[in-house]
Amino acid sequence: MKSPMIALVEDNADDEALTLRALKKNGIANEIVILRDGAEALRFLMAPENQLPQLVLLDLKLPRKDGLEVLRELRENPRTELLPIVILTSSKEERDLIEGYRLGANSYVRKPVDFNQFSEAVRQLGLYWLVLNERPPIQTS
Amino acid sequence: MESARLARFSSLRWRLPLLILTLLLSIGTTYAWMAYRSMEGALRSGGGARLNDAGAELADIFAQAAATRLTESRRVADDPAIRRFVSTGEAPDAAVDALKTLAGRGNASIALRVRAAGPEQRIESGNVLLERSPGSPGADPIPAHDMVSELHVRDGRVFFRTQARVPSSQPGGEAIAVLTAERGLTQSAGMTLIQRLVGHDAHIRLGNARGDVWTDLSSRTEAPPRSAGPGETVSYLDAQGQNRLGVAVPVRGTPWAVWLDFSEAALLAPAQALLWKMLLPTLLVTIVGALAVAIASKRITDPLEQVANAADAIAVGGDAPRLHLERKDEIGRLANAFNEMAARVRDARESLEARVRERTRELEGAREELQRRAVHLTTVNRELEAFSYSVSHDLRAPLRSIDGFSQAILEDCGPQLGPEGHEHLTRIRRAAQRMGQLIDDLLNLSRVSRTEMQRQDVDLSAMAQGLLEGLAASDTSRNVEYRVQPEVRSMGDPRLLMVALTNLLENAWKFTRDRQHTVIEFGAQQNGHGRVYFVRDNGAGFDMAYANKLFGAFQRLHHSADFPGTGIGLATVQRIVTRHGGRIWADGQPGQYAIFYFTLDSEAA
């Protein structure tokens, strides 16, 4: 069986590169799907032929549809309502935090400026969500 | 409405006539009563005098009648035939004839009793008795002198006797016989006349002065009430419960007394008639007077009521109707003055209303202006919000790239760079991180100003305790003593106060870094103006000369190399304290201590 997949919803190429670097650096070799805006993310995740990822790392400031909108639509869809979603973004604006949790985010992590701290955060996320955490059973409807 | 109804009964219109009515009535009745009393007194004393006079007159009539009877008897006693019979006992028939002359004058029975020695004789003829006997013990004695007897009753009839002594024929001889004539009582014309003269339903009675037998001259009656003395009037209640006035007068020459009484009511009737005659006009005068006053007071109260109604209309803010009272008196003046005042009140109110309208317009303008500004402010605030949101997201992303790729170069191309290249890239990374910190602090500062305050009870002690425990746990190598005064509470926004305390305690933590033994205190004390909170540390302190620069954004009193920081923390604290209506100030000594004091207005209030 293929190792569980991670979906990274991120429009900034620099952040994408740094995130991939941090994942690799921490030895997380799972397949990674990059989705560059909200609409693309929804299209991919809603498509029945696509396998659901083990974890979604979701940025908030995205072109076309922003992260919170993506989150809402995912939670409204029975297929993705239990999907583990971690908001990984620059801001810790209060309204983002509140809205994120209200819409059913599983976690909210702010990207530190210091790359070493960022790398550490990615490591801990991988450890927690890919290893420690038991994923919800896949619903076959 | 209720007050109006109350006012009706306390109104002058009713009170004044009522007062006059009462006054006239009381004066009239008092006068009538006094007149009645004085007339009654006069009538009573006059009646008493009349009673006495009539009583005396009556007594005289009875005395004369009695004397006449006695004289008649005496004359018969002196008759020669009688004398002869008494002296000798001879010719009794002649004596009987003489006696019969007396019987013819209305006497019921005549008796001649002789006490003499010799043969006893007894002759009865009709109602005449002749008797001659030596006398015996127990028989009637010869009276000492001629007399009229007391009244006696026999067979329901009242009668009296006259007794005349008959002397013997010898000169100077002692009386040896008595001539007794017994008579009933009859009403004389004189008595009837007197009764009529006295009037007033007068009653006459005759009786023994000692009071045993009394008669109204036709039959026996009860004894009259006893008077205090002869000739004194007595007032009493008769069997019918009527007041009567009576008097008893002794009858001269007899053991009798005559009693005369009449009805007091009849006597006083003129006084009562007078009372009624006086009361009627009094009542009339009273009613007429009260009516006159009622009309007069209506003439006063009607216009007053108009004035009062008009004043009421003004009092509730309306327009008073103009008063039309064509009068020259005080009420006319009052109405004029009132009209003038009402006009002025109306003018004043109109000008006031005009001013109010003007002010309202001005206020409306000001309100619209304020609204425009509020809208503008809201727009600005929203823009600021969007701006800081954007800053928070977008400004940090490039910094992450700078830092991240610098690190990537260091890791991937490390060997080619040499020590200087390493040094440069490290500086770039440090600068990027510092800028990230600056952005965070600036965002915090602007958030402190933007967020809405929600005041509630905040346990500052628990907050400080938690923060200090967190700091101590972050570096267990340090020897830190912290003293938190328990139960320091305040009304305030918990999140903002948390930010303020965090900044102050982190500062204290930071500037005591080099102390062997760190002491950080939090507490509150009372000064003249209210509660003052403080955070005290025994750290690097500061020079009081620069104390005014402590709270400006980006102002730092220490070099970054010594104590890293952005210089925004205390500015943030000051803004929070100011938003709570408080004040912050500091005291310090370089190398010794620093104390930050602040107040929150809720306590000062």
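Cβ separations smaller than 8 Å between residues 6+ apart or across chains give the following pairs from the range A:73-93 residues that are touching a residue at least 40 places away in the same chain (Cβ under 8 Å) and under 18 Å from A:N133 (Cα atoms) to residues that are polar (S, T, N, Q) and assigned to a loop (DSSP other than H, G, I, E, B): A:L82/A:Q139; A:P84/A:Q54; A:P84/A:N106; A:P84/A:N133; A:V86/A:N106. All conditions in (1) surrounded by 13 or more Cβ atoms within 10 Å (Cβ to Cβ); (2) within 30 Å of B:L43 (Cβ to Cβ) hold for B:N336, with the sole exception of (2). Kindly provide the set of residues from the range B:428-442 that are in contact with an Asp or Glu (Cβ under 7 Å, 6 or more places away or on another chain) and either modelled with pLDDT under 85 or more than 9 Å from chain A (Cβ to nearest Cβ) (or both), ordered by number. Passing the criteria: none in range. With respect to (1) part of a strand (DSSP E or B); (2) of a type outside the set (A, V, I, L, M, F, W, C); (3) surrounded by fewer than 19 Cβ atoms within 10 Å (Cβ to Cβ), the lone exception for B:G246 is condition (3).
Got at least one residue in the range A:8-24 being more than 14 Å from every other protein chain (Cβ to nearest Cβ) and outside any loop (DSSP other than H, G, I, E, B)?
First, the residues of the range A:8-24 that are more than 14 Å from every other protein chain (Cβ to nearest Cβ): A:8-9.
This time we only want the ones that are outside any loop (DSSP other than H, G, I, E, B), so: A:8-9.
Checked against the condition, which is being more than 14 Å from every other protein chain (Cβ to nearest Cβ) and outside any loop (DSSP other than H, G, I, E, B), the range A:8-24 yields at least one hit.
Has the range B:457-480 got at least one residue that is among the charged types (D, E, K, R), within 14 Å of chain A (Cβ to nearest Cβ), surrounded by 13 or more Cβ atoms within 10 Å (Cβ to Cβ) and in contact with a Lys or Arg (Cβ under 9 Å, 6 or more places away or on another chain)? The answer is no, given that none of the residues of the range B:457-480 is among the charged types (D, E, K, R), within 14 Å of chain A (Cβ to nearest Cβ), surrounded by 13 or more Cβ atoms within 10 Å (Cβ to Cβ) and in contact with a Lys or Arg (Cβ under 9 Å, 6 or more places away or on another chain). Sub-7 Å Cβ pairs linking a first residue in the range B:37-57 that is within 22 Å of B:V258 (Cβ to Cβ) to a second residue that is at pLDDT 85 or above, at least 6 apart or interchain, are B:L51/B:V247; B:N52/B:V247; B:G55/B:V247; B:G55/B:V249; B:G55/B:V258; B:A56/B:V249, ordered by first then second residue. Those helices (runs of 4 or more DSSP H) of the range A:60-141 in which 3 or more residues are surrounded by 14 or more Cβ atoms within 10 Å (Cβ to Cβ) and more than 14 Å from every other protein chain (Cβ to nearest Cβ) occupy A:67-76, A:115-126. If you go through the range B:389-427 and keep only what is at the interface with another protein chain (Cβ under 7 Å from one of its Cβ atoms) and more than 22 Å from B:N444 (Cα to Cα), you end up with B:S401, B:D403, B:G404, B:Q407, B:A408. Of the residues contained in the range B:366-378, one or more are found to be of a type in the set (V, I, T) and either exposed (fewer than 12 other Cβ atoms within 10 Å of the Cβ) or on the phi > 0 side of the Ramachandran plot (or both).
Specify which of the listed residues (B:L43, B:L58) is within 60 Å of the chain's Cα centre (by Cα), farther than 30 Å from B:R113 by Cβ and surrounded by 15 or more Cβ atoms within 10 Å (Cβ to Cβ). When all the criteria are applied, what remains is B:L43. Listed by first and then second residue, the pairs linking a residue in the range B:71-90 that is surrounded by fewer than 17 Cβ atoms within 10 Å (Cβ to Cβ) to a residue that is assigned to a helix (DSSP H, G or I), with Cβ atoms under 9 Å apart and 6 or more places separating them unless they lie on different chains, are B:R75/B:L102; B:P80/B:A94; B:P80/B:A98; B:E90/B:R84. Count, please, the residues in the range B:91-112 that happen to be part of a loop (DSSP other than H, G, I, E, B), among the hydrophobic types (A, V, I, L, M, F, W, C) and buried (at least 17 other Cβ atoms within 10 Å of the Cβ). The qualifying residues number 0. Here B:E362 clears all of (1) without any contact (Cβ under 8 Å) to a residue 40 or more places away in the chain; (2) within 14 Å of chain A (Cβ to nearest Cβ) except the condition numbered (2). B:V380 fails exactly one of the following numbered conditions: (1) over 23 Å from A:D59 (Cα atoms); (2) within 14 Å of chain A (Cβ to nearest Cβ). What is the number of that condition? Of everything listed in (1) over 23 Å from A:D59 (Cα atoms); (2) within 14 Å of chain A (Cβ to nearest Cβ), B:V380 misses just condition (2).
The values are calculated or read from the model by the stated rules, or taken from the named source; none is laboratory data. Predicted model only: the values in this text are computed from it and were never measured. Counting neighbours? That spans all protein chains shown, and the Cβs are built from the backbone with ideal geometry, glycine included.
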